[in-house]
Amino acid sequence: MLRYPSLRRPLDILFLVCCIALTADVLVPEIWGSGKTKDYPLWFWAGQQVLQGQNLYPDNPASYFEFIYPPLSAVLLAIPAWFGKIPLYLCLSFLNIVAWWMTAQFSHAMAGSGHKPGPWLEALPGFITVTFVFDMFDLGQPNLVLLSLMLYGFWLLRDQRGWMAGCMFALATAIKVFPVAVLPYLVWRRQWVASASMLIFIGVFLFVLPAPFRGFQHNVSELKTWYQGMVGSSSEKGFGQRDEQNWSWVNQSIIAMTHRLTRPINYNQDNPSKPVRTMNIASVDFKTANLIMLVISLAIGLGYIAVMPPASRRTERSDAEELGILFCLMTVASPLARQYYFLWLFFPITVLLHRAANDPRPTIRTGTWLLLAGAGALLGLSLPLFPIDLQAYGNNLAATILLAAGLVWHMRHPPADAALPDPAGKLQLDANNKAHSQG
């Protein structure tokens, strides 16, 4: 079902035109303007630090970090950075292009509808999420590449290639930590090979791979500094080196939303020139807010487990919905979930679009289209023409909850002809269920 872009397909040509335009947004300012801004100069700096044997982080973990990612990210950036800024920026743009195409391919292939999407259905998830994709190119962030790695991991897991799947999950985690949230899911679904592979390769990517370039002791020291500054630091002011962003309107994670609603926090703190604005409906201390957040997270986790079908009842369709919910949860479970993080809703949106287009029940199709329209309207409130207060109150988080609720409903109420496990068992995600299905 996976395919390459074709010049015989008008929508594929539109995709290529968009890719050229997005790449021009990156390269034109660097070649003919005053230089590309956002995160691109930082990536070049990090790559040059590796090439010159310089430190990535300050000696004091309490000091400000320019580069907040694990050392592996800088080692990977160093390869194209050796050739200069333009080759680095071109490489990052090319990776985003490939990741965008493969994300769509994997999402449709794993949607579990049993139907090949028509041209417009195939293109619709890309249209809905195009503003997030623009952010990936414009900012230079890796979230689109991470999404494609995670989807590729689950694609491999369908074919019982657990070691390779775990490697993909580990690579995404070693680049930007939040995909580690997939590990509890793998353990719960008894994906022992993938779980073990993920843990082993995280060690390889964090400790072994950077060592020839940084020196083993130097790399271990930097990892320790990075962990203390990024993971081991948390207070009422914030966490992870970006205090001004953690509790502000730009962050729509479960952690940030819980604290903004339970503590009198200024959600304009990222810009001191703006007036102080709060949105709390309660006023508790920092520890109590954390306890409330833990209770909410535990309730969400237990609820997810409760709605999962048992192994004997899993189908290709239910697996797609289950994974769609997982991607929703991983997005909002990240401590910092800025606007572009919600690009990870690409897969959940794709699954629901397939249900809206192909469910045999007319009323369910209509209801799913209405749900998608509601989620799209909520996501659209992040556009610059709307006040930032709407993002402070969690419009993207609300859209994520709505999509997850739709997926839960479809998973618990499949059509009559989809209520039994796939008799071929080919598309099941674990060996036990596959054996059961074939039996």
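Things worth noting here:
- Residues satisfying the criterion are present in segment 93-100 (criterion: part of a helix (DSSP H, G or I) and either touching a Gly at 6+ places or on another chain (Cβ under 8 Å) or among the aromatic types (Phe, Trp, Tyr) (or both)).
- Close contacts from segment 243-272, counting a first residue that is within 23 Å of VAL295 (Cα to Cα) and a second that is assigned to a helix (DSSP H, G or I) and acidic (Asp, Glu), with Cβ to Cβ under 8 Å and a gap of 6+ residues or different chains, come to TRP249/ASP389.
- Of the numbered criteria (1) out of contact with any Phe, Trp or Tyr (no Cβ under 9 Å at 6 or more places or on another chain); (2) modelled with pLDDT of 95 or more; (3) closer than 26 Å to TRP344 by Cβ, the one PHE15 fails is (1).
- Applying the condition of being in a helix (DSSP H, G or I) and touching a Phe, Trp or Tyr at 6+ places or on another chain (Cβ under 7 Å) to segment 37-70 and asking which residue is farthest from LYS176 (Cα to Cα) yields LEU51.
- Just one residue in the set MET257, MET293 is aliphatic (A, V, I, L, M) and buried (at least 20 other Cβ atoms within 10 Å of the Cβ); that residue is MET257.
Residues checked against (1) without any contact (Cβ under 8 Å) to a residue 60 or more places away in the chain; (2) closer than 25 Å to TRP43 by Cβ; (3) among the basic types (Lys, Arg); (4) part of a helix (DSSP H, G or I):
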position	(1), (2), (3), (4)
PHE134	no, yes, no, yes
ASP138	no, yes, no, yes
LEU147	no, yes, no, yes
GLY153	yes, yes, no, yes
MET164	yes, no, no, yes
LEU186	yes, no, no, yes
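- None of THR288, THR262 is farther than 15 Å from GLN391 by Cα, among the hydroxyl-bearing types (Ser, Thr, Tyr) and surrounded by 14 or more Cβ atoms within 10 Å (Cβ to Cβ) except THR262.
- Residue check: PHE178 meets all listed conditions (1) surrounded by 22 or more Cβ atoms within 10 Å (Cβ to Cβ); (2) within 21 Å of the chain's Cα centre (by Cα); (3) at pLDDT below 95; (4) not β-branched (Val, Ile, Thr) but one, namely (1).
- Tabulated pairs, segment 311-334, first more than 14 Å from ARG189 (Cα to Cα), second polar (S, T, N, Q) and assigned to a helix (DSSP H, G or I), C-beta under 7 angstrom, 6+ apart or interchain: CYS328/THR400; THR331/THR400; VAL332/THR400
- For VAL26, the stated conditions do not hold, so it cannot be described as within 27 Å of PHE347 (Cα to Cα), in a helix (DSSP H, G or I) and over 24 Å from the mean Cα position of the chain (by Cα).
- Whichever residue in segment 1-23 is in contact (Cβ under 8 Å) with a residue 60 or more places away in the chain, part of a loop (DSSP other than H, G, I, E, B) and out of contact with any His (no Cβ under 8 Å at 6 or more places or on another chain) and, among such residues, is farthest from SER107 (Cα to Cα): ARG9
- Just one of the numbered conditions (1) surrounded by 22 or more Cβ atoms within 10 Å (Cβ to Cβ); (2) over 19 Å from LEU139 (Cβ atoms) is not true of TRP82: (1).
- Residue count for segment 58-93, restricted to those that are among the hydroxyl-bearing types (Ser, Thr, Tyr) and either at pLDDT 95 or above or at positive phi (or both): 3
- Of all the numbered requirements in (1) part of a helix (DSSP H, G or I); (2) modelled with pLDDT under 95; (3) buried (at least 22 other Cβ atoms within 10 Å of the Cβ), GLN391 misses one, and that requirement is (3).
- Taking the criterion of being of a type in the set (Asp, Glu) and either crowded, with 22+ Cβ neighbours inside 10 Å or farther than 22 Å from ALA375 by Cβ (or both), the only residue of segment 127-157 that qualifies is ASP138.
- Here the condition is being within 16 Å of VAL250 (Cα to Cα) and either in contact with a Leu (Cβ under 6 Å, 6 or more places away or on another chain) or assigned to a helix (DSSP H, G or I) (or both); of ALA399, ALA404, ALA373, it holds for ALA399 alone.
The values are calculated or read from the model by the stated rules, or taken from the named source; none is laboratory data. Quick caveat, the model's predicted, so the values are computed rather than measured. We place every Cβ from the backbone using ideal geometry, glycine too, and count neighbours over all the protein chains shown.
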